[in-house]
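Participant: One structure is given below, represented as structure tokens, and several questions about it will come after.
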Amino acid sequence: MAAGCCGVKKQKLSGSPGSGGPGGVGAGSGMAGNGHCGSELGIGSSATVAAAANVSRANGLGGPGGNVSSSGSSGGSSGTSALSPSPAGYSSSGLSPNLSSGPGSGSGGRKMVVSAEMCCFCFDVLYCHLYGYQPPRTPRFTNDPYPLFVTWKIGRDKRLRGCIGTFSAMNLHSGLREYTLTSALKDSRFPPMTRDELPRLFCSVSLLTNFEDVGDYLDWEVGVHGIRIEFFNEKGSKRTATYLPEVAKEQGWDHIQTIDSLLRKGGYKAPITNDFRKTIKLTRYRSEKMTMGYAEYIAHRQHHHYQNGIGHPLPPYNHYS
């Protein structure tokens, strides 16, 4: 039976060496730019710190990914498109009730930064890449810097199809462009996405906030906090790994099960003892999350196409003014 966000059977968690967390055993070097879960995180830093020149990639939903890049050639010629005519721009009004802000969204009652428009933009970027169109123009939502993740799921059971992000704050316009394609095409757990998969996709954008370094590895709340751990493996090498806020809740894990899964994901293969858990350096964080399915994406584009009085179809790269 497929589990929630990790898209795998629920793993058997224990203190003995064995298979890794959802998606398999993953390793992070603890050095910026060295693959999934390997970023350097400024503990207690603001979510709006300046973007780093070389951002590191991290996988927040389980499993390794290796070194990744969003660069590459177009995914083919333009071909026949089933996509609806393009809007002149997006707003968050008139959306399907199926759109979800997801667990862990919001922070202290303040207005959320994440928006449905960001999910639309990610779909645009992926669509244009797969069909060989010019990339979409600059969107209208904020370009403030945030650590971010882009997650793709597929099918009625919403199996994980790709999830990669960064703990280095990036300007949202360039960050979402990069990680849309990185998570869709460069997640080493999966083959690159194809055009045929588009109608079955769901896109989630997570903006990470409220980073806090805590002294107790149990000092976080399931379903509220994402966690990032740093530890030294049995060979003395520094490793890191992370789960986004929704993972533990959707897997049905408690604190210990989550920590142990994350240690396995980070490549720790020795028996896990309570004394070893106490050596972990843990950072908790929150996220603002928005999820949109392909059907909602199409409906949103149709709504704004007609609302804005555009009388003829436009290629997808003309979305933004």
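Participant: Just one of (1) open to solvent by less than 40 Å² (accessible area, probe 1.4 Å); (2) not in a strand (DSSP E or B) trips up Arg156, so point out which.
Facilitator: With (1) open to solvent by less than 40 Å² (accessible area, probe 1.4 Å); (2) not in a strand (DSSP E or B) applied to Arg156, the lone miss is (1).
Participant: If you take the residues in segment 192-233 that are among the small types (Gly, Ala, Ser) and surrounded by 15 or more Cβ atoms within 10 Å (Cβ to Cβ), which one is farthest from the chain's Cα centre (by Cα)?
Facilitator: Gly226
Participant: Could you say whether any residue in segment 258-265 is at pLDDT below 95 and of a type in the set (D, E, K, R)?
Facilitator: yes
Participant: Suppose we filter Gly236, Gly252 for residues that are of a type in the set (Gly, Ala, Ser), without any contact (Cβ under 8 Å) to a residue 60 or more places away in the chain and open to solvent by 20 Å² or more (accessible area, probe 1.4 Å); which single one remains?
Facilitator: Being of a type in the set (Gly, Ala, Ser), without any contact (Cβ under 8 Å) to a residue 60 or more places away in the chain and open to solvent by 20 Å² or more (accessible area, probe 1.4 Å) holds for just one of Gly236, Gly252, which is Gly236.
Participant: Same structure, new question: With the requirement that a residue be over 11 Å from the mean Cα position of the chain (by Cα) and open to solvent by less than 10 Å² (accessible area, probe 1.4 Å), what does segment 168-183 give you?
Facilitator: Passing the criteria: Ala169, Leu172, Gly175.
Participant: If you don't mind, there's one more thing I want to ask. Which one of the conditions (1) among the charged types (D, E, K, R); (2) open to solvent by less than 50 Å² (accessible area, probe 1.4 Å); (3) assigned by the TED database to the domain that holds Thr166 does Glu246 fail to meet, given that it meets all the rest?
Facilitator: If we test Glu246 against (1) among the charged types (D, E, K, R); (2) open to solvent by less than 50 Å² (accessible area, probe 1.4 Å); (3) assigned by the TED database to the domain that holds Thr166, just (3) comes out false.
Participant: Looking at (1) open to solvent by less than 30 Å² (accessible area, probe 1.4 Å); (2) free of Cβ contacts under 8 Å to residues at least 40 places away in the same chain; (3) farther than 19 Å from Gly162 by Cα, find the lone condition where Asp260 falls short.
Facilitator: Status for Asp260: all satisfied but (2).
Participant: Tyr146 - would you say it is touching a helix residue (DSSP H, G or I) at 6+ places or on another chain (Cβ under 7 Å) and under 22 Å from Met112 (Cα atoms)?
Facilitator: Against the criterion (touching a helix residue (DSSP H, G or I) at 6+ places or on another chain (Cβ under 7 Å) and under 22 Å from Met112 (Cα atoms)), Tyr146 qualifies.
Participant: Give me the pairs: first residue in segment 278-298 and surrounded by fewer than 22 Cβ atoms within 10 Å (Cβ to Cβ), second residue among the aliphatic types (A, V, I, L, M), beta-carbon distance under 6 Å, and six or more apart or on different chains, which are they?
Facilitator: These pairs meet every condition: Ile280/Ile229; Arg284/Val214; Arg284/Ile227; Tyr294/Leu201.
The values are calculated or read from the model by the stated rules, or taken from the named source; none is laboratory data. On a predicted model such as this, the values are computed, not experimentally measured, just so you know. Here the Cβ is made from the backbone with ideal geometry for all residues, glycine too, and neighbour counts use every protein chain on show. Please note that ligands, DNA and RNA were not included when accessible areas were found on the heavy atoms of the full protein model with its side chains. Shrake-Rupley method; radii C 1.70, N 1.55, O 1.52, S 1.80 Å.
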